[in-house]
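Asks: Please see the structure below; I have some questions.
The values are calculated or read from the model by the stated rules, or taken from the named source; none is laboratory data. This structure is a prediction, so every number in the text was calculated from the model and none was measured. FYI the Cβ positions are ideal-geometry reconstructions off the backbone, even for glycines, and counts take in every protein chain you see. Remember, those area values only see protein heavy atoms, side chains included, never the ligands or the DNA or RNA. Shrake-Rupley method; radii C 1.70, N 1.55, O 1.52, S 1.80 Å.
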Amino acid sequence: MTKNLRVKSSEYIDETNRISFKFNGKTYHGFKGDTLASALLANDVHLVGRSFKYHRPRGIMTSGSEEPNAIVQINPGTNRTEPNVRATEVEIYEGLEASSQNCWPSVEFDIGGINNFLSPFFPAGFYYKTFMWPASFWEKYEFFIRHSAGLGKSPTSSDPDIYDHRNIHCDVLVVGAGISGILAAKNAAKNNFRTLLVDEKNELGGSTIFENNEFNKIDNKTPSEWLKKEIEKLKNIKNLEIKTRTSVAAYHQYNYLLARENLTDHLEAKDKTNKIRQRLLKIRAKKVILATGALERPLIFNNNDRPGIMLSSAIKKYSEFYGVACGSKNVFFTNNDSAYESAISLYNKGINVEAIIDIREQSESKIVKKVKEAGIKIYWSHSIVDTTGYKRLNSISIMKLSNDGTSVTGSKISISCDCLGVAGGWTPAVHLYTQSGSKLKFDEEKKVFLPNQNTSEQISVGSCGGDFKIDEIIKNLNQKIKDTLNINETDLDGIKVEIDQENSKRNIWLLPSDKPIGKTKPFVDYQNDATAKDIKLALREGFRSIEHVKRYTTTGMGTDQGKLGNMHALGIIADTAGVKMGELGTTTFRPPYTPLTFGTIVGRNVGKFFDIFRRTPMNDWHVENKAEFENVGQWKRAWYYPINGETMHQAVQRESKAARESAGILDASTLGKIDIQGSDASEFLNRVYTNAWSKLAIGKCRYGLMLNEDGMVYDDGVTTRLGENHYIMTTTTGGAANVLGKLEDYLQTEWPELDVYLTSVTDHYATASLCGPNSKKILKKIIPDLDLSDENFPHMSFKESKIGNVQCRIMRISFTGEHSYEINVQASYGKDLWEKCIEAGKEFNITPYGTETMHLLRAEKGFIIVGQDTDGTMTPIDLQMDWIVSKKKYDFIGKRSLYRSDTMREDRKQLVGLLTDDPNIVLEEGAQIVSKLNQSPVEMLGHVTSSYFSPNLKKSIALAVVRGGKDMMGKKLFVPMENKNINVTVANPIFYDEKNERLNA
Amino acid sequence: MFLINCPYCGERDQQEFKAGGEAHIERPKQPTELSDDEWAEYLFMRKNIKGVQFERWNHAHGCRKWFNMIRDTSNDEIKAIYKMGEKPPSQ
Ligand SMILES: [Zn+2]
């Protein structure tokens, strides 16, 4: 049954390189240079898929990226599989496999095809109207939709390929390498503009490269001959980079464009490995020249979607470029002369053309005369009213059009055919143009939207700018290039162009049938199965805005964004509603122009590069000692150090006891550190912290609380005065960058008069926090000549010293309530410092502890963690930290907000301690707190913010925020959980060593 | 993606910058003198104009300097960029 429709050798097809590939499990042959579409057509395969809603058999319609129907799954079942790929864009290679989508069980027998016969029940808005109710039916709907309407399958294993990103800065970017793009790029580069020319195809030349109409001549050559010579000349031009297989996906503001360069999709599997598959080009161009061409329009008539019905221009390309005849009995249906060029192209290759149906009354151009001379029957003023053939077109019926074009008359003529080329004129590809924010204007005469108001330095040349004939193209291109590049001469000056003049046009958006519209299927959006009937129904139901009609009928909402039929949809709306198309506007085209793979979007940012992470200088030690890690911001912090198969709970209990009973050590390197210098440093701290700083002596440390201007706690930490005009501030690990940003903001924009300089030194220092009753003895062993007495080195003070030859800063400060020291050394000595501490602490059973134990120890002391016990709605008063808010200072960030009526409410949520009546029950963090049981709805008083089992107190402890909690000391409350209610009592949040006696132990 | 001309570094990609809200809102010198309403006006109320808007921007991943921008939010045209403390140029 398989026929060979390869008609004549083509210079773009390498017939010595025969390639076998599989489609729907069957092996076919093509040649190097074929697309999947051309190779299938050469094997007489038209049926490639089923439509989305009605599951109607569909064939290949186009030869390019605008293809709505021939959407296939590439290499199904492999880790390289890709859904929703246009067969017209896939270059075949040995071993390629592809399969149809949206059909089950097969494209030949598709159970969903029943929808086609039920189609009267699938009107516009069907999904909205039907799947609304009842809600309990949703599972059934979902099953139905998923089984019968899948648009391909995503891969289930990880992607084996490498993807890349590249930034490109150029003077001129030319998008599209048809005749206009090539000439524009050549002249730009010759005039010393760094120029990048990109095209989505693998060959340069666009449609002109196979333009062999003998009546069109450039310098006495056919356009294709002439252009081939021009392409030859590009090779020797400096400043010109050419990228083929590169599709511009997005055109953003300020001439920022994203393009996908396809590097290996056309290669055999063995040649794909270890190569970059696709590269995202991030292009910033000073000037952009859009030469994106035009897309041929179909015609909208009854049953215009059968396999075998194609764009006339596609038939011409398959014949001229790929050497493939799309049918053996061809008919064309047209409203302009271009179908005649396609007919002659077939005729010259000996392919049978049965007839041309033309809705115009006549045309006198040379190409039309040539068709007449060839003996091809032309039906003037006729229209197709119906077609037949379920899986492949087998006949059309035509009738005479009335003068006004709204009805058909006379008797019906049936013509048998297996391929129909439709030619409805041309739509400039203005998708990228509108993405850039530039505005279109409707040209009533040409019936096209054309570039009108540019928002950046750009021009549209060639047919995307509205010039369709080669003489216009070259003349206007020449002037546009000169204006844009500001040059006086180009090599287009003096080119002689002769063209065949077309002298009649007729445009009918929706062609009439002898049947009432309700009985016809004139498809406007092939991919989403939207018909002219649906559009009219939407208008009848009251939709007016083009964007609403689009969503209601799903016109233009497929993966092709309705590249073929959108103009017809607009035309039908305009005609039906009696408005001008220019007033209607157009729907918005959104990036990407053609779909991008996720791989291209993420590039190298996968696996461990997905999000960067930071490690402390002691990290290797933690790894060697089997620490478990947790992510804190971008930091990897040691979480706990399990030994002998301990659970997290067991490890944390052990670490917590050791830190209080003897000695513990914590890697505190991740705390943010900001170096503050300048003669106004003290004044600056006064303004950013809630407490007073002017009187802090040199060598002393102080805890500070920082608010937002709204009075809410923002960050906290200890700041040390190193010198008269020199402080070092510590921040929370997660808040470091934001705190620096906020402080810089105030310094630069509100208080530029202050002499203060901020430098982030977080990464410059490594910090070991040594704590516990034996910490002093350990430090003494490391630095024997430092006087550690309480008189010389009391709590909340600082010493500069040396460990061996290494300079260090030691703060005697404590986040655990134990006697402790924070030792800071230059980061590169961090691991050395750590190991020295461990070695010196051995005799005291020094125990490394992680963040979990740190959290537990500080909770025993009732110390808050910003971001855990606070959430951006807590003031210092809410936290019962009134003591840290200076009453004397005139102003500080957030002060005024503490006196707003809302922040002074007595019934705000306040931080309290919670003790469970059963000391063994540990509350869940985030659990809700209520005062009444068995009431619905019940008032939520607050929630648990921190909760642990304290090994030192041998009971469960928790911190919580509770509405009016300050005055609830001793009150019984409840924490209702799924299966039980937990009885709790409000307590002082300082559970351990309330008098701070251990600090000096 | 804007191309922003940092007054200190020159033209850089928008990715390097952080937007900082409406410009020319001075922090009151004597907040305690203000009524709740006046303070709330400073604290919470910001314009969100379709059209020409005055904005603060920060070259966060560059020189870390703050500066002002006049931008037409309807088409994202950057009409002017000027340093902190400077008067907006007449457009
Ligand atoms: Zn800068």
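Asks: Check A:Arg590, A:Arg604, A:Arg654, A:Arg615 and return the single one that is basic (Lys, Arg) and within 30 Å of A:Glu445 (Cβ to Cβ). Show your work before the answer.
Replies: Numbers: A:Arg604 fails: within 30 Å of A:Glu445 (Cβ to Cβ); A:Arg654 fails: within 30 Å of A:Glu445 (Cβ to Cβ); A:Arg615 fails: within 30 Å of A:Glu445 (Cβ to Cβ).
Of the residues listed, the single one that is basic (Lys, Arg) and within 30 Å of A:Glu445 (Cβ to Cβ) is A:Arg590.
Asks: A further question on this structure: Are any residues in the stretch A:79-94 open to solvent by 20 Å² or more (accessible area, probe 1.4 Å), closer than 18 Å to A:Ile19 by Cβ and in a loop (DSSP other than H, G, I, E, B), and if so, which ones?
Replies: Correct list: A:Arg80, A:Glu89, A:Glu94.
Asks: To continue, here is another question. Filter the stretch A:803-818 down to the residues that are more than 14 Å from A:Thr719 (Cβ to Cβ), open to solvent by 10 Å² or more (accessible area, probe 1.4 Å) and touching a residue at least 60 places away in the same chain (Cβ under 8 Å) and list them by number.
Replies: Step one: of the stretch A:803-818, the residues more than 14 Å from A:Thr719 (Cβ to Cβ) are A:803-808, A:810, A:812, A:814-818.
Remaining after also requiring open to solvent by 10 Å² or more (accessible area, probe 1.4 Å): A:803-807, A:814-815.
A:Ser814, the sole residue that qualifies.
Asks: Something else now. Failed condition for B:Ile81, given (1) open to solvent by 20 Å² or more (accessible area, probe 1.4 Å); (2) within 12 Å of chain A (Cβ to nearest Cβ), with all others met?
Replies: Answer for B:Ile81: the failing condition is (2).
Asks: Checking the condition surrounded by 21 or more Cβ atoms within 10 Å (Cβ to Cβ), in contact with a Gly (Cβ under 6 Å, 6 or more places away or on another chain) and not assigned by TED's automatic domain parsing to the domain that holds A:Phe949, which residue from A:Ala638, A:Ala627, A:Ala651 passes? Working first, answer last.
Replies: On the way: A:Ala627 fails: in contact with a Gly (Cβ under 6 Å, 6 or more places away or on another chain); A:Ala651 fails: in contact with a Gly (Cβ under 6 Å, 6 or more places away or on another chain).
When all the criteria are applied, what remains is A:Ala638.
Asks: Tell me, which strands (runs of 3 or more DSSP E) wholly within the stretch A:408-485 include 1 or more residues that are open to solvent by 10 Å² or more (accessible area, probe 1.4 Å)? Steps first, please.
Replies: Working: elements: A:408-416, A:419-423, A:426-428, A:439-443, A:448-453, A:458-460.
Once the strands (runs of 3 or more DSSP E) in the stretch A:408-485 are filtered for at least 1 residues that are open to solvent by 10 Å² or more (accessible area, probe 1.4 Å), what remains is A:408-416, A:426-428, A:439-443, A:448-453, A:458-460.
Asks: On to the next question. Please state which of the following conditions A:Gly578 fails to meet, knowing it meets all the rest: (1) open to solvent by 30 Å² or more (accessible area, probe 1.4 Å); (2) in contact (Cβ under 8 Å) with a residue 60 or more places away in the chain.
Replies: (2)
Asks: Considering only residues that are touching a Gly at 6+ places or on another chain (Cβ under 7 Å) and not β-branched (Val, Ile, Thr), look in the stretch A:755-778 and name the one that is farthest from the other protein chains (Cβ to nearest Cβ).
Replies: We begin by selecting, within the stretch A:755-778, every residue touching a Gly at 6+ places or on another chain (Cβ under 7 Å); these are A:755-757, A:762, A:766, A:771-772, A:778.
Filter once more, keeping what is not β-branched (Val, Ile, Thr): A:755, A:757, A:766, A:771-772.
Working: A:Asp755: 16, A:Tyr757: 12, A:Ala766: 25, A:Cys771: 35, A:Gly772: 40 Å.
It comes out as A:Gly772.
Asks: Within the set of pairs 6+ apart or on separate chains, which have a first residue in the stretch A:248-260 that is within 8 Å of A:Ile283 (Cβ to Cβ), a second that is at pLDDT 95 or above and of a type in the set (Phe, Trp, Tyr), and C-beta atoms under 6 Å apart?
Replies: From residues that are within 8 Å of A:Ile283 (Cβ to Cβ), the pairs are A:Leu257/A:Tyr251.
Asks: Looking at the stretch B:1-14 only, could you name the residues that are within 16 Å of the ligand (Cβ to nearest atom) and at the interface with chain A (Cβ under 10 Å from one of its Cβ atoms)? It would help to see each step written out before you state the result.
Replies: Here is the first cut: in the stretch B:1-14, the ones within 16 Å of the ligand (Cβ to nearest atom) are B:2-14.
Selection gives B:Phe2, B:Leu3, B:Ile4, B:Glu11, B:Asp13, B:Gln14.
Asks: Can you tell me how many residues within the stretch B:5-38 are open to solvent by less than 80 Å² (accessible area, probe 1.4 Å), assigned to a helix (DSSP H, G or I) and either closer than 21 Å to A:Gly741 by Cβ or in contact (Cβ under 8 Å) with a residue 24 or more places away in the chain (or both)?
Replies: Here the count works out to 2.
Asks: Every residue in the stretch B:15-62 that is within 16 Å of the ligand (Cβ to nearest atom) and more than 16 Å from the chain's Cα centre (by Cα), please.
Replies: Within the stretch B:15-62, B:Gln15, B:His61, B:Gly62 meet the criteria.
Asks: With the requirement that a residue be acidic (Asp, Glu) and either crowded, with 19+ Cβ neighbours inside 10 Å or more than 25 Å from A:Thr873 (Cβ to Cβ) (or both), what does the stretch A:949-986 give you? Before the answer, list the steps.
Replies: Residues of the stretch A:949-986 acidic (Asp, Glu): A:967, A:978.
Hit for the stretch A:949-986 is A:Glu978, nothing else.
Asks: Can you say whether A:Leu722 is touching a strand residue (DSSP E or B) at 6+ places or on another chain (Cβ under 9 Å) and either closer than 25 Å to A:Leu879 by Cβ or more than 14 Å from chain B (Cβ to nearest Cβ) (or both), as far as the supplied structure shows?
Replies: Working: touching a strand residue (DSSP E or B) at 6+ places or on another chain (Cβ under 9 Å): yes; either closer than 25 Å to A:Leu879 by Cβ or more than 14 Å from chain B (Cβ to nearest Cβ) (or both): yes.
Judged against the criteria, A:Leu722 is a match.
Asks: Take the residues in the stretch B:63-72 that are within 12 Å of chain A (Cβ to nearest Cβ) and within 13 Å of the chain's Cα centre (by Cα); name whichever of them is farthest from B:Glu11 (Cα to Cα). Lay out the reasoning, then the answer.
Replies: Applying the first criterion (within 12 Å of chain A (Cβ to nearest Cβ)) to the stretch B:63-72 yields B:63-68, B:71-72.
From the residues that got through so far, the ones that are within 13 Å of the chain's Cα centre (by Cα) too are B:65-68, B:71-72.
Values: B:Lys65: 14, B:Trp66: 15, B:Phe67: 14, B:Asn68: 15, B:Arg71: 16, B:Asp72: 19 Å.
Among those residues, the one meeting the criterion is B:Asp72.
Asks: Moving on to the next point. Has the stretch A:944-952 got at least one residue that is closer than 30 Å to A:Met811 by Cα, outside any helix (DSSP H, G or I) and out of contact with any strand residue (DSSP E or B) (no Cβ under 8 Å at 6 or more places or on another chain)? Quick ask: steps written out before the conclusion?
Replies: The initial filter retains those residues of the stretch A:944-952 that are closer than 30 Å to A:Met811 by Cα, namely A:945-952.
Add one more test, that the residue is outside any helix (DSSP H, G or I), and what stays is A:945-952.
Imposing the further condition that a residue be out of contact with any strand residue (DSSP E or B) (no Cβ under 8 Å at 6 or more places or on another chain) reduces the set to A:951-952.
Checked the stretch A:944-952: at least one residue is closer than 30 Å to A:Met811 by Cα, outside any helix (DSSP H, G or I) and out of contact with any strand residue (DSSP E or B) (no Cβ under 8 Å at 6 or more places or on another chain).
Asks: Among the residues of the stretch A:246-273, how many are part of a loop (DSSP other than H, G, I, E, B) and within 14 Å of another protein chain (Cβ to nearest Cβ)? If you could, list the steps in order and put the result at the bottom.
Replies: Taking the stretch A:246-273 first, the residues part of a loop (DSSP other than H, G, I, E, B) are A:253-255, A:263-268, A:273.
Checking the rest, the ones that are also within 14 Å of another protein chain (Cβ to nearest Cβ) come to A:253-255.
Number satisfying all stated conditions: 3.
Asks: From A:Gly25, A:Gly30, grab the single residue that is on the phi > 0 side of the Ramachandran plot and either open to solvent by less than 20 Å² (accessible area, probe 1.4 Å) or touching a residue at least 60 places away in the same chain (Cβ under 8 Å) (or both). Break it down stepwise before answering.
Replies: Details: A:Gly30 fails: on the phi > 0 side of the Ramachandran plot.
A:Gly25 is the lone residue from the list that is on the phi > 0 side of the Ramachandran plot and either open to solvent by less than 20 Å² (accessible area, probe 1.4 Å) or touching a residue at least 60 places away in the same chain (Cβ under 8 Å) (or both).
Asks: Here is a follow-up. Looking only at the stretch A:475-487, decide whether some residue is in contact with a Lys or Arg (Cβ under 8 Å, 6 or more places away or on another chain) and over 24 Å from A:Val524 (Cβ atoms). Show your work before the answer.
Replies: Residues of the stretch A:475-487 that are in contact with a Lys or Arg (Cβ under 8 Å, 6 or more places away or on another chain), as a first pass: A:484-485.
Remaining after also requiring over 24 Å from A:Val524 (Cβ atoms): A:484-485.
There is at least one residue in the stretch A:475-487 that is in contact with a Lys or Arg (Cβ under 8 Å, 6 or more places away or on another chain) and over 24 Å from A:Val524 (Cβ atoms).
Asks: Among the residues of the stretch A:654-683, which ones are open to solvent by 30 Å² or more (accessible area, probe 1.4 Å) and not aliphatic (A, V, I, L, M)?
Replies: Answer for the stretch A:654-683, where residues must be open to solvent by 30 Å² or more (accessible area, probe 1.4 Å) and not aliphatic (A, V, I, L, M): A:Arg654, A:Lys657, A:Glu661, A:Gln677, A:Ser679, A:Asp680, A:Glu683.
Asks: Which of (1) within 15 Å of A:Val353 (Cβ to Cβ); (2) open to solvent by 10 Å² or more (accessible area, probe 1.4 Å) is the odd one out, the single condition A:Ala294 does not satisfy?
Replies: (1)
Asks: Criterion first (within 13 Å of the ligand (Cβ to nearest atom), in contact (Cβ under 8 Å) with a residue 60 or more places away in the chain and open to solvent by 70 Å² or more (accessible area, probe 1.4 Å)) does B:Lys65 satisfy it? Let's see the steps before the verdict.
Replies: On the way: within 13 Å of the ligand (Cβ to nearest atom): yes; in contact (Cβ under 8 Å) with a residue 60 or more places away in the chain: no; open to solvent by 70 Å² or more (accessible area, probe 1.4 Å): yes.
The answer is no for B:Lys65.
Asks: Now for a separate question. Within the stretch A:859-900, can you find the residues that are open to solvent by less than 10 Å² (accessible area, probe 1.4 Å), in a helix (DSSP H, G or I) and more than 14 Å from chain B (Cβ to nearest Cβ)?
Replies: Those that are open to solvent by less than 10 Å² (accessible area, probe 1.4 Å), in a helix (DSSP H, G or I) and more than 14 Å from chain B (Cβ to nearest Cβ): A:Ala859, A:Glu860, A:Ile884.
Asks: Here is a follow-up. Report the residue count in the stretch B:39-60 for those that are within 10 Å of another protein chain (Cβ to nearest Cβ) and either free of Cβ contacts under 8 Å to residues at least 12 places away in the same chain or assigned to a loop (DSSP other than H, G, I, E, B) (or both).
Replies: Looking only at the stretch B:39-60, we keep the residues that are within 10 Å of another protein chain (Cβ to nearest Cβ), and these are B:39-40, B:42-44, B:56, B:58, B:60.
If we keep only those that are either free of Cβ contacts under 8 Å to residues at least 12 places away in the same chain or assigned to a loop (DSSP other than H, G, I, E, B) (or both) too, we end up with B:39-40, B:43-44, B:60.
Number satisfying all stated conditions: 5.
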